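Colleague: Before anything else, here's the structure in question.
The values are calculated or read from the model by the stated rules, or taken from the named source; none is laboratory data. Because the structure is a prediction, the values reported are computed rather than measured. Virtual Cβ from ideal backbone geometry, glycine too; neighbours counted across all protein chains shown. Remember, those area values only see protein heavy atoms, side chains included, never the ligands or the DNA or RNA. Shrake-Rupley method; radii C 1.70, N 1.55, O 1.52, S 1.80 Å.
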Amino acid sequence: MIRAFDAFSLPVLRWLDPEDAHRLAIQGLRFLPPVKPRADDPKLAVRAFGLNFPNPIGMAAGFDKSAEVPDALLRLGFGFVEIGSVTPKPQAGNPRPRLFRLERDEAVINRMGFNNDGAEVALRRLAARAQHGGIVGVNVGANKDSPDRVDDYVKLIETFAPVASYFTVNVSSPNTPGLRNLQEGALLDDLLARVIDARERVRQKAGDTPVLLKIAPDLSLAQLDDVVQVARSRKVDGMIVSNTTIARPSTLREETRAKEQGGLSGRPLFRLSTRMVAETYVRVEGAFPLVGVGGVDSGGAALTKIRAGASLIQLYSSLVYKGIGLVEEIKRDLTSTLLRTGRDSLSEIVGSDAATLTAEDWPGM
């Protein structure tokens, strides 16, 4: 069914304006039959952040910004779904056009600007599906015009704790002016201190909700040292590596589109984001798990990300070019790898190539 859906929908969606295609995809998922997904091979199960994931493949934040279709995505075979970024107040985002396909590069540039329906609407939707099960994380961000951006994150933690499987603190989007400054030492320390404190305040009512930090791939290694040190000292539960990049590789073929402002995702991000996973993994020293994001478009790419140090992976841009069947394809490839190598779980290979990767020349961008 999924193969037939991709064969029909991919040419149609790619003929449309990218943002219109995205909106149509969301609407289409609303009508997905409520069928139970095929059970995953037990070998693909992952235990991370105190949660049991049926498989390691997640839908990254940015697709379902306002929690419209998390259950439809879970039924399509994702092991988890991350909604958002959600901001306290509804936000229109940046002017259109703000989403661009780089077809020959299998890449996307976006400068969406945290467009979403706001916390109240997203909370209502998540509360309505609370009994459905499945792991649904909430990616939180600050409003562009907020007088106190840290307070925005605190409010969102308090608001969503009863319905979030985990939180992702997003300080790495390049499309909200000044947001990435929150990755810097003292500012990040203050932010995480207040976020963790908010999580602890609501723990008795909402239970234990893991807090993850999402970082940019454009950090220097010295900056990464500081980020990991703060994350470890504040005892976050994990990190997501990485968001989109503001860099433009010289290898991009869509030269005109590549000049658009915004974050680049998709295949050209793979090498840089994977190197950042490995660099983060060796610095974390097992203190918490990592989620690897950026350019995952095949089983081989997913395996490389895991060997670099990711316990879980997320994808989004690759679905534009490969379709939803990619999820099952990656799961089949990972299962085959485990069977072929006689391993019982993916945890046995997490980070196995990290030291080697960090010794290589820096990926050219």
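Colleague: Work through the residues other than Thr209 whose Cβ is under 12 Å from its Cβ and net out their charges, Lys, Arg +1 and Asp, Glu -1.
Modeller: 0
Colleague: Using the per-residue mean of other Cβ atoms lying within 10 Å as a proxy for protection, in what order, highest first, do the peptides 240-248, 197-205 fall?
Modeller: Taking the mean over residues of other Cβ atoms within 10 Å, the ranking is 240-248, 197-205.
Colleague: Turning to a different aspect of this structure: Translational D (Stokes-Einstein, µm²/s) of region 30-95 at 4 °C and 1.567 mPa s when Rh comes from the Kirkwood sum over C-alpha pairs?
Modeller: Value of D from the Cα-based Kirkwood radius: 96 µm²/s.
Colleague: Just to confirm, what accessible area per residue do you get for region 201-333 at 1.4 Å probe, in whole Å²?
Modeller: The answer is 38 Å² per residue.
Colleague: When you count, for each residue, the other Cβ atoms within 10 Å and take the mean per peptide, how do 16-29, 206-219 rank with the highest first?
Modeller: Put in order of decreasing packing, that is 206-219, 16-29.
Colleague: Identify which of Ala39, Ala301, Ala61 has the largest mean-square fluctuation in a Gaussian network model of the chain, with springs joining Cα atoms closer than 10 Å.
Modeller: Judging by the Gaussian network model, the answer is Ala39.
Colleague: Can I ask one more? What's the magnitude of the charge dipole for the chain around its Cα centre, counting Lys and Arg as +1 and Asp and Glu as -1 at the beta-carbon? Answer in Debye, nearest 20.
Modeller: 680 debye
Colleague: Under 8 Å for C-alpha pairs, at least 6 residues apart: give me the relative contact order for region 141-227, rounded to a whole percent.
Modeller: 36 percent.
Colleague: Quick one: divide the alpha-carbon radius of gyration of the chain by 2.2 N^0.38 Å and tell me what you get.
Modeller: After normalising by residue count via 2.2 N^0.38 Å, the value is 0.91.
Colleague: Compute the semi-axes of the equivalent ellipsoid of region 36-138, taking the square root of 5 times each eigenvalue of the Cα gyration tensor, and list them largest first in whole Å.
Modeller: 26, 20, 11
Colleague: Mind scanning Lys65/Lys89; Lys43/Lys322; Lys89/Lys155; Lys43/Lys205 and naming the pairs with a C-alpha gap bigger than 22 Å?
Modeller: Lys43/Lys322; Lys43/Lys205
Colleague: Using alpha carbons only, how many angstrom separate the centre of region 1-79 from the centre of region 145-177?
Modeller: Cα centroid to Cα centroid, the span is 24 Å.
Colleague: For Lys144, list the aspartates and glutamates whose Cα falls under 18 Å from its own Cα; do not include residues on the same chain fewer than 8 positions away.
Modeller: The reachable aspartates and glutamates, counting only those whose Cα sits under 18 Å from Lys144, are Asp117, Glu120, Asp152.
Colleague: Taking only DSSP H segments of four or more residues, each worth -39500 (n - 2.57), what value at 222 nm results for the chain once the sum is divided by all its residues, to the nearest 500 deg cm²/dmol?
Modeller: That comes out to -12000 deg cm²/dmol.
Colleague: Would you work out the relative contact order for region 239-365, in percent, from Cα pairs under 8 angstrom that are 6 or more residues apart?
Modeller: Relative contact order comes out at 29 percent.
Colleague: Over region 193-233, how many percent of alpha carbon pairs lie in each 10 Å bin up to the one with the longest distance?
Modeller: Reading the bins upward from 0: 25, 41, 25, 9.
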